[in-house]
Amino acid sequence: MSLRLDIQRITREGLINFWRNKLVSFSTIVIMTMALLVMSSLLFLNAVLDFSLQQLQDRVDVNIYFFPDAPVEEITDLQERIAIIPEVRDVQYVSREQAFIDFQERHKNDELINRSLEELGDNPLGASLNIRAYAATQYEAVVSAIESEPVVANSEFVERINYYDNKGLIERLNQFSSIARLVAYAIIIFFAIVALLVVLSTMRIAIFAAKKEIVIKRLVGAERRYTQGPFIVMGGLYGLCASLLTIAMLYPATRWIGTYTKTFFGGMDIFQYFTLNIIPIFIIILTIGILIGIISSRIATRKYLNI
């Protein structure tokens, strides 16, 4: 018999078994949908985490403060050298005048500081360079490269580099990012195993319900694929239906949650993220759902068809 006819027969029988066990199929799809919803929510949580961490990383930078008498030419030359470091995203030059204006703006309500500035009668601040890396983990390499520059190593014009003041914050940010992702992956694996076990139990029920048919197939000499195939098709259908239901539920859920994430996460709109990435999200959920269904069905048939 041709392969096409074999596939048609196995698929048809799998569809019949799927429809025949409607209550069991419905219960399995509901539980798989819940598992896929949790796993997909963690995908969104990971996106929110990435966005939030990026927001924090954008606020973390390394500043090089220069003495007031440092020549502008030396500072701009150092700025050009730092800009070509691969890990550096951008370098911003802040002049003495701009630093003084920013300082006055930050402390405009502090009378003691304002009186002190009036008594000085001159700008006591030096210029600075604000450096941002692509990732928080890259600042140590950036600072090492900066400290190797002659103008910095000689400390003739550089007053201080504040990396070591922010080092603890940067390290905690990196640790939090790693731990959060590990927890998310662990939860995804946990619910994938839960869904797999649910389909295993369902397959066991379906196999015992079709015990007589399986025995008859074996008596007439049917190959193993004719007994296993329909149940694997059933598992794939469970995953397909659960994936479609999950996507259908994610649309209104993300639309509702998006109004809150825009407020709490600095502009991260979950609904917009979902609509912009709906195709890859659908492919991921569909792949996970079908794989869970097929793998668990395969395991179940190998375990329980020896009857």
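Readers should treat all values here as calculations from the given coordinates under stated rules, not as data from a laboratory. Note that the structure is a prediction, hence the values are computed from the model and not measured. Note that we place each Cβ from the backbone using ideal geometry, even for glycine, and neighbour counts take in every protein chain shown.
So if I place +1 on the C-beta of Lys and Arg and -1 on the C-beta of Asp and Glu, and nothing else carries charge, what would the dipole magnitude of region 68-156 be about its Cα centre? I want it in debye, nearest 20. Please list the in-between numbers first.
On the way: 7 positive and 19 negative charges, 73 e Å.
Its charge dipole is roughly 360 debye.
Could you order peptides 27-39, 127-139 by the average number of other Cβ atoms within 10 Å of their residues, highest first?
Working: 27-39: 21.4, 127-139: 19.4.
By packing density, highest mean first, the sequence is 27-39, 127-139.
Which of 271, 103, 18 has the fewest other C-beta atoms within 10 Å, and how do the rest follow up to the most? Please list the in-between numbers first.
Numbers: 271 19, 103 15, 18 23.
Listed from fewest to most nearby Cβ atoms, that is 103, 271, 18.
Grab the beta carbon distance between residue 92 and residue 141, set R0 = 22 Å, and tell me the FRET efficiency rounded to 0.05.
Details: r = 19 Å, r/R0 = 0.88.
Result of the calculation: an efficiency of 0.70.
What ranking of 261, 11 emerges when the number of other C-beta atoms within 10 Å of each C-beta is taken as an exposure proxy, fewest first?
Ordered by Cβ neighbours within 10 Å, fewest first: 11, 261.
Equivalent-ellipsoid semi-axes (√(5λ), Cα gyration tensor) for region 68-156, whole Å, largest first?
Equivalent-ellipsoid dimensions as semi-axes: 30, 16, 10 Å.
Order of 283, 278, 188 from fewest to most other C-beta atoms within 10 Å? All intermediate terms of the calculation are to be shown ahead of the outcome.
Working: 283 11, 278 14, 188 19.
So the residues, fewest neighbours to most, are 283, 278, 188.
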